[in-house]
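Undergrad: Take this structure first; my questions come after.
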Amino acid sequence: MNFTGDPRARQRAERGFAIGLSALLLCATLWPLRENWRENPRDSFPLSYFPMFSDKRGETYEVTHLVGVAGNGERRKIRHTYAGTGGFNQVRRQIRKTVRRGRAAELCRSVADRVARVRRGELAEVAEVRVVTGEYGLNSFFAGNQKPVAEEIHAVCNVERNR
């Protein structure tokens, strides 16, 4: 089409294109919402219905992680970076897989060796490393009570420091 002679026709065409493109993008964005009413919804990339935000959650959540125990019995958090490289969720999945494969003792020993090299801070007082699966009450956890409701210990290793 040649719009050189009529600027209004060009404006109408551009406006029509913008409206059509906007409607198409809006439909593509809203299309995944139909999954919310299906019996077996399927999530897909890049058009997601965001089940991580819309699924109902239970009262508790289970997570496999590392715990340090100081000489006085106090629990200390051991960061995921002591167990592997990558982001928090990626390493957390690696820890869970390692435990499922029956290799919790190897992981425990490896983390205990890394903790043994720490000379300052809270981890310098850790005498024991544990690989545990803890079940946490979500409401109480986010209210400040971060003690597990239940806990399964998969492996325990002493931290051997050469002082």
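Undergrad: Under 10 Å, Cα contacts only: if you run a Gaussian network model on the chain, which one of ARG100, ARG12, ARG75 comes out with the highest mean-square fluctuation?
TA: Checking each option, the largest mean-square fluctuation is seen for ARG12.
Undergrad: Can you pull the percent of segment 9-163's accessible area that's carbon plus sulfur, 1.4 Å probe, other chains left in place?
TA: 52 percent
Undergrad: Under 37 °C and 0.692 mPa s, how fast does the chain diffuse according to Stokes-Einstein, given a Kirkwood radius computed over C-alpha pairs? Answer in µm²/s, whole number.
TA: 162 µm²/s
Undergrad: Please give me the summed charge of the neighbours of GLN146: other residues whose Cβ is under 14 Å from its Cβ, Lys and Arg +1, Asp and Glu -1.
TA: +1
Undergrad: Given H placed 1.01 Å from N in the peptide plane, which residues other than close sequence neighbours of TYR49 have an amide H under 5 Å from its amide H?
TA: Close amide H contacts, sequence-distant or interchain: SER44.
Undergrad: Against the longest alpha carbon principal axis of the chain, how many degrees, from 0 to 90 and to the nearest 10, is the axis of helix 88-100 turned?
TA: Long axis of 88-100 versus the principal axis of the chain: about 50 degrees.
Undergrad: Sticking with this structure for a sec: Compute the relative contact order of segment 99-159 as a whole-number percentage, counting only Cα pairs closer than 8 Å that sit 6 or more residues apart in sequence.
TA: It comes to 42 percent, rounded to a whole number.
Undergrad: By the scheme Lys and Arg +1, Asp and Glu -1, what is the net charge of all other residues having a beta-carbon under 14 Å from that of ILE78?
TA: Here the charged neighbours net out to +4.
Undergrad: Using the alpha-carbon atoms, what tilt in degrees (0 to 90, nearest 10) does helix 104-116 show relative to the longest principal axis of the chain?
TA: 80 degrees
Undergrad: What accessible area per residue comes out for the chain, rounded to a whole number of Å², with a 1.4 Å probe?
TA: That works out to 76 Å² for each residue.
Undergrad: If you don't mind, another one. Straight distance only, please: which lysines reach the Cα of LYS56 with their own Cα at less than 20 Å, same-chain residues fewer than 8 apart left out?
TA: none
Undergrad: Which aspartates and glutamates does LYS147 reach when only Cα atoms under 16 Å apart count, and residues fewer than 8 places away in its own chain are ignored?
TA: Correct list for LYS147: GLU59, GLU62, GLU74, GLU135.
Undergrad: For the chain, find the longest principal axis of its Cα atoms and tell me its angle to the long axis of helix 7-30, 0 to 90°, nearest 10.
TA: 30 degrees
Undergrad: Roughly speaking, what % of Cα-Cα pairs in segment 83-157 are separated by over 15 Å, rounded to a whole number?
TA: 64 percent
Undergrad: Give me the distance between the Cα centres of segment 119-152 and segment 1-61, rounded to whole Å.
TA: 42 Å
The values are calculated or read from the model by the stated rules, or taken from the named source; none is laboratory data. Note that the structure is a prediction, hence the values are computed from the model and not measured. Virtual Cβ from ideal backbone geometry, glycine too; neighbours counted across all protein chains shown. What goes into the accessible areas is simple: the full protein's heavy atoms, side chains included, and nothing from ligands, DNA or RNA. Shrake-Rupley method; radii C 1.70, N 1.55, O 1.52, S 1.80 Å.
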